[in-house]
Every structure is written in C-alpha cells, then in structure tokens.
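In what follows, a single structure is set out as structure tokens and then discussed.
The values are calculated or read from the model by the stated rules, or taken from the named source; none is laboratory data. Here the structure is a predicted model, which means the values were calculated and not measured. Heads up, the Cβs are rebuilt from the backbone with ideal geometry, glycines too, and the neighbour counts pull from every protein chain shown.
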Amino acid sequence: MADKKNIIIKKVKKGGHGGHHGGAWKIAYADFVTAMMAFFLLMWLLNNVSEEKKEQLSIYFKEFSVIDGLPPSMSMGAGGQSASDPQLTPLIMEGTTGMFAEGKSQEEILKEAMAKMIEERLKEYKEELIIDTFDNGVRIQMLYGEGNPFFDSASSQLTGDARNVLKVIADTVRDLPNQIAVEGHTDAVPLGGPQSRYTNWELSTDRASSARVILQEFGVEPKRMVRVAGYAATQPLIRENPEDPRNRRVSILLFNDPTRSPVDVNSTSGQNGQLSVNPLMNGTSGPAVPQGAPTLPSRN
C-alpha cells in the first residue's frame with residue numbers, strides 16, 4: 001500500500017464578496033451621475049430658450065418624418081413659400097428671445113413685435129400708424145394722413161396705401177392664434193345734410209368692413225373675426241379736437257386670451273402702455289398732441 005497517497009482538500013474562503021461585486025457598482029453609479037448631469041443640463045438649456053423655439057421644437061418632434069422630412073408647418077410658409085423667407089415669417093416669432101425670461105407680458109411682446117414690423121416693413125407709413133395695448137390685447141391704428149391717405153374723403157373705399165399696410169399686417173398675424181376685431185372711426189364733421197341717410201355711422205362701419213375684407217383676402221381666417229364695428233365720432237383719438245382729421249382711422253385689435261370675451265376697449269384708449277411710432281402721439285391719456293402741432297384739413 002505504499003502507492004496510496006493522502007488526499008488533501010483545500011478550502012478557499014472568499015472574503016468581502018469579491019470586493020463588493022468586483023467594483024461593478026462604481027460603473028452603475030458613474031452612469032447614474034452622468035445621466036443626472038445631462039438631465040440638469042437639458043433643463044438649464046430649455047429654461048434659456050424662448051417659448052417660440054420650444055413650440056417649434058415640439059412641432060418638429062411631433063411631425064418629423066424620416067420619409068417626408070420636415071413638417072409642412074416648418075418647411076413651407078404662407079402661399080407655398082419657404083418659411084425661411086423673412087418677408088413671410090410672422091414677426092412675433094422674431095426677436096423675442098429672452099422676453100419671457102424678462103417677465104414681459106404677452107401684450108408687451110406682441111406690441112414690440114408690431115412696432116418692429118412697422119419700423120422694418122412699413123417705415124414710409126409710420127407717421128400714420130399707432131400701436132397701443134389694452135387689457136388682453138394690442139391695437140394697431142391706421143390714421144388718416146395727407147401724405148399716405150388710407151381712404152378717400154367721405155368714402156369707404158380703401159386706397160392702395162391701405163392695402164399695402166393691411167397686407168403686411170395680415171402677413172404678420174396670419175399664423176397667430178389671436179382673435180381679431182376691426183373698428184372704424186370718423187371725425188366729428190357731419191357727413192351729408194340733416195336728412196342724409198348715409199352718416200358717419202355708416203361710413204365708419206363700411207371702412208371697418210372694407211379693412212376686414214382685405215385682411216381676409218390676404219389669408220386671415222374669417223373665423224378669427226369676432227367684431228367688425230363703426231363708432232362714428234364717438235371715440236375721438238384727439239379728444240380736445242373731435243374734428244381733427246386724425247380721428248378718422250381704422251383700428252385692428254388682437255386679443256391674447258380667446259377664453260375672454262372681447263370688450264369695448266375704446267373707453268381706455270391710450271391708457272395701457274401706448275407705443276407710438278408717430279412723433280405727435282406721446283402716449284398720454286387719449287394721445288395728446290403738443291401745443292401748436294399742425295392739424296390736417298377736416299374731411300370725414
């Protein structure tokens with residue numbers, strides 16, 4: 001039995017669970033920290049992007065197709081034109097980066113966008129255009145001017161200048177959600193004789209309706225029109241001189257909140273942050289005119 005060998009059994013004790021599973025937890029933890037850092041970086045970036053950019057990004061991810069490419073709402077503008085055409089891009093979408101972060105209201109943002117639109121595309125008419133705000137919206141007022149009259153004397157027929165202005169306004173507001181009202185006003189000079197059946201009431205209403213037709217002709221949807229009205233001479237812009245021809249005007253009102261019923265805003269004219277591009281209008285109660293400022297000859 002000399003060849004018999006002793007069998008030795010050796011037991012190996014594993015200590016510490018393999019060094020906490022061999023350090024795999026460190027990789028998982030590093031992945032978690034990296035993901036959290038990426039998440040907070042994304043939140044920071046989103047907080048510094050304008051609402052318009054966020055909306056465009058949302059549309060992109062909702063409508064993008066690998067086959068068709070960009071969504072039609074992003075690749076094509078009005079009338080089949082490329083949305084990159086600056087003349088067709090609504091100006092409310094431009095130059096507003098950071099405005100929400102600055103705490104500006106929708107009325108202020110829309111007002112500044114409209115002012116930019118006038119300065120860039122309607123500079124030759126800025127003497128006849130006024131922008132002011134009211135509770136829940138913005139108003140663009142087209143005043144009568146000798147140099148660029150928007151309508152003929154005692155007529156509801158709008159001129160070529162009026163069509164030019166209304167086309168730019170339509171291009172600017174066409175893709176916005178705002179409800180719209182159009183209002184007409186005259187000065188206090190009576191129209192016709194005492195027995196006339198066509199008065200300043202009919203004239204102001206017809207002018208407002210003519211402006212509505214042109215806005216719709218240039219793509220503004222009729223369902224967005226909530227009011228077309230004429231006020232004759234009851235709401236003068238130049239209160240101390242009701243016969244001033246600048247009281248003859250057409251106003252386009254944009255309402256920010258569609259859930260609130262549009263109300264008559266003329267009683268608060270000029271009291272809510274008027275932004276005027278007309279040097280004669282200084283933004284005081286019922287836009288004041290400097291002493292000695294020239295007035296135009298009166299016709300309705």
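Summary table below
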read-out: Condition check for Arg163: of a type in the set (D, E, K, R), out of contact with any Cys (no Cβ under 7 Å at 6 or more places or on another chain) and surrounded by fewer than 19 Cβ atoms within 10 Å (Cβ to Cβ); value: yes
read-out: Index of the failed condition, Gln157 passing every other in (1) surrounded by fewer than 21 Cβ atoms within 10 Å (Cβ to Cβ); (2) farther than 28 Å from Asn241 by Cα; (3) in contact (Cβ under 8 Å) with a residue 40 or more places away in the chain; value: (2)
read-out: Whichever residue in region 182-200 is of a type in the set (A, V, I, L, M, F, W, C) and modelled with pLDDT under 95 and, among such residues, is nearest to Leu253 (Cα to Cα); value: Ala188
read-out: Number of positions in region 221-261 that are touching a residue at least 60 places away in the same chain (Cβ under 8 Å) and either assigned to a loop (DSSP other than H, G, I, E, B) or among the small types (Gly, Ala, Ser) (or both); value: 7
read-out: Filter pass, Ala162 being in contact with a Phe, Trp or Tyr (Cβ under 6 Å, 6 or more places away or on another chain) and in contact (Cβ under 8 Å) with a residue 40 or more places away in the chain; value: yes
read-out: Filter pass, Phe218 being surrounded by fewer than 21 Cβ atoms within 10 Å (Cβ to Cβ) and touching a residue at least 12 places away in the same chain (Cβ under 8 Å); value: yes
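A quick yes/no check of all residues on (1) part of a helix (DSSP H, G or I); (2) surrounded by fewer than 21 Cβ atoms within 10 Å (Cβ to Cβ); (3) touching a residue at least 60 places away in the same chain (Cβ under 8 Å):
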position: Glu112; (1), (2), (3): yes, yes, yes
position: Tyr125; (1), (2), (3): yes, no, no
position: Ile131; (1), (2), (3): no, no, yes
position: Gly145; (1), (2), (3): no, yes, yes
